[in-house]
Amino acid sequence: MVELKNVSVTYSTGVDALNNVSLKINDGDFAFVVGSSGAGKSTMIKLLLKEIDATSGVVTVNGYNLNKLRKRKIPEFRRTLGFVFQDFRLIPSMTVYENIAFVLRVIDAPIKYIRKRVPYVISLVGLHSKTNSYPDELSGGEKQRVAIARALVNDPKLIIADEPTGNIDPELSYEIVELLKSINDQGTTILMVTHEHDLVRHFGGRIINITGGEIVFDEVMLGAGDDLISDQESIQYGYALEAASPDSEALQAASAIDSPAPQKPENSADALVDAILKDGEEQELLGAGETPDIPIDQMTPDEVIAAISGEKTSGGAE
Ligand SMILES: Nc1ncnc2c1ncn2[C@@H]1O[C@H](COP(=O)(O)OP(=O)(O)OP(=O)(O)O)[C@@H](O)[C@H]1O
Ligand SMILES: [Mg+2]
């Protein structure tokens, strides 16, 4: 469950990114969030992940009041979520299996469970034959399916996806949304930010349009299937509203500053989860290490960190 009550976010630069937003997403819902560049969509996502704090108002996610959540409780809270980003954020030196298994590894899941659960989610996203492939051996759509499997492996109540189809071919975008829909059918709440109005129009469902930091449209729409409604109608229904954004050039220029100050991870196990939350550039650095020799489900969290950060692992107990 996600609830925003009169939430505003003003960045230190003085930009009002969200302005008195109230919103409730119930368990089991599937909601699209649309809106033009600089509208405040990613700001909302960052709030929900507790990467940033609201300047005012109350943010509640999966029963956690994020205003009151202590720093040391953040990892516990984030384990109730799955997240998927436009740039996949897979660890290049890990296979598909390892990229997914480490999420369970860092929460000390039993090895037996890991060995059952990881192949299961890999088969759910249809990548059984790629289990031992590395990310750079996969297509964009396949990489995103791995990221979705990783988001799923911990059986989260809520999956938050910020432009998950942004870096993949339009035809494959439909597959990714189909996959998210089927996950939603199993009861997982999904919140998906997207620019692709065709997708939203095709699938329908709950559509939340953020423009200039405010919710200007929040309705459940029927999916049009194969393009049954015109662009003009879609604008009327609030899918697009691209044109409605005031001063959008200035907003776009300002949105170059897009990430909050990096936070120091509390401990090594959670550093991995932090790694996924960081942007692509830092991710590359983390992934620059060698492929681990020991299967990841037999490594300690420290060994996993060492392996992906390029340090040599000892290979034995210390
Ligand atoms: N870290 C930051 N510091 C200052 N201003 C920021 C920061 N991040 C975003 N902004 C500003 O806040 C506003 C909302 O940005 P946000 O990233 O939420 O937009 P968005 O809707 O996700 O856009 P896009 O579709 O381009 O991803 C913009 O004006 C942006 O310039
Ligand atoms: Mg964004």
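The values are calculated or read from the model by the stated rules, or taken from the named source; none is laboratory data. Bear in mind the structure is a predicted one, so any value in this text is a computation, not a measurement. FYI the Cβ positions are ideal-geometry reconstructions off the backbone, even for glycines, and counts take in every protein chain you see.
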Odd one out for Gln86, checked against (1) under 30 Å from Asp16 (Cβ atoms); (2) without any contact (Cβ under 8 Å) to a residue 60 or more places away in the chain; (3) among the polar types (S, T, N, Q): (2)
Could you list, ordered by first residue, the pairs with Cβ atoms under 8 Å in which the first is in the range 24-43 and within 19 Å of Ile159 (Cβ to Cβ) and the second is part of a loop (DSSP other than H, G, I, E, B) and within 8 Å of ligand 2 (Cβ to nearest atom), at least 6 apart or interchain? Ser42/Asp258
Out of Tyr97, Tyr64, Tyr113, report the one residue that is hydroxyl-bearing (Ser, Thr, Tyr) and buried (at least 20 other Cβ atoms within 10 Å of the Cβ). Tyr97
Can we say Leu4 is within 25 Å of Asn184 (Cα to Cα), touching a residue at least 24 places away in the same chain (Cβ under 8 Å) and either away from ligand 2 (no atom under 16 Å from the Cβ) or assigned to a loop (DSSP other than H, G, I, E, B) (or both)? yes
Val7 passes all but one of the listed conditions (1) away from ligand 1 (no atom under 11 Å from the Cβ); (2) on the phi > 0 side of the Ramachandran plot; the exception is number (2)
Output the number of the condition that Ile207 fails; it satisfies all remaining conditions of (1) more than 19 Å from Ser36 (Cβ to Cβ); (2) more than 16 Å from ligand 2 (Cβ to nearest atom); (3) under 20 Å from the mean Cα position of the chain (by Cα). (1)
I'm trying to understand the selection: among the residues of the range 41-59, which are more than 12 Å from Asp162 (Cα to Cα) and assigned to a loop (DSSP other than H, G, I, E, B)? Lys50, Glu51, Ile52, Asp53, Ala54, Thr55
Those residues that are under 17 Å from Ala151 (Cβ atoms) and of a type in the set (Asp, Glu), I need them from the range 94-126; list them, please. Glu98
Going by the structure shown, is Asp87 surrounded by fewer than 20 Cβ atoms within 10 Å (Cβ to Cβ), of a type in the set (D, E, K, R), touching a helix residue (DSSP H, G or I) at 6+ places or on another chain (Cβ under 8 Å) and more than 26 Å from Val177 (Cα to Cα)? no
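Conditions (1) of a type outside the set (Val, Ile, Thr); (2) at pLDDT 95 or above; (3) away from ligand 2 (no atom under 13 Å from the Cβ), marked per residue:
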site	(1), (2), (3)
Phe32	yes, yes, yes
Ser36	yes, no, no
Gly40	yes, yes, no
Thr43	no, yes, no
Leu47	yes, yes, no
Ser56	yes, yes, yes
Thr60	no, yes, yes
Leu66	yes, yes, yes
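Listed here are the residues, each with its yes/no results for (1) within 15 Å of the chain's Cα centre (by Cα); (2) surrounded by fewer than 21 Cβ atoms within 10 Å (Cβ to Cβ); (3) not in a loop (DSSP other than H, G, I, E, B).
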{"residue": "Asp136", "(1), (2), (3)": "no, yes, yes"}
{"residue": "Ile159", "(1), (2), (3)": "yes, no, yes"}
{"residue": "Gly166", "(1), (2), (3)": "yes, yes, no"}
{"residue": "Leu172", "(1), (2), (3)": "no, yes, yes"}
Does Lys73 qualify as being over 24 Å from Gly28 (Cβ atoms) and not in a loop (DSSP other than H, G, I, E, B)? yes
Return the residues of the range 49-79 that are among the hydroxyl-bearing types (Ser, Thr, Tyr) and in contact with a strand residue (DSSP E or B) (Cβ under 7 Å, 6 or more places away or on another chain); say none if nothing qualifies. Thr55, Ser56, Thr60
Quick one: which of Leu23, Leu18 is at pLDDT 95 or above and either assigned to a helix (DSSP H, G or I) or more than 16 Å from ligand 2 (Cβ to nearest atom) (or both)? Leu23
Residues in the range 138-150 that are touching a residue at least 40 places away in the same chain (Cβ under 8 Å) and in a loop (DSSP other than H, G, I, E, B) total 1
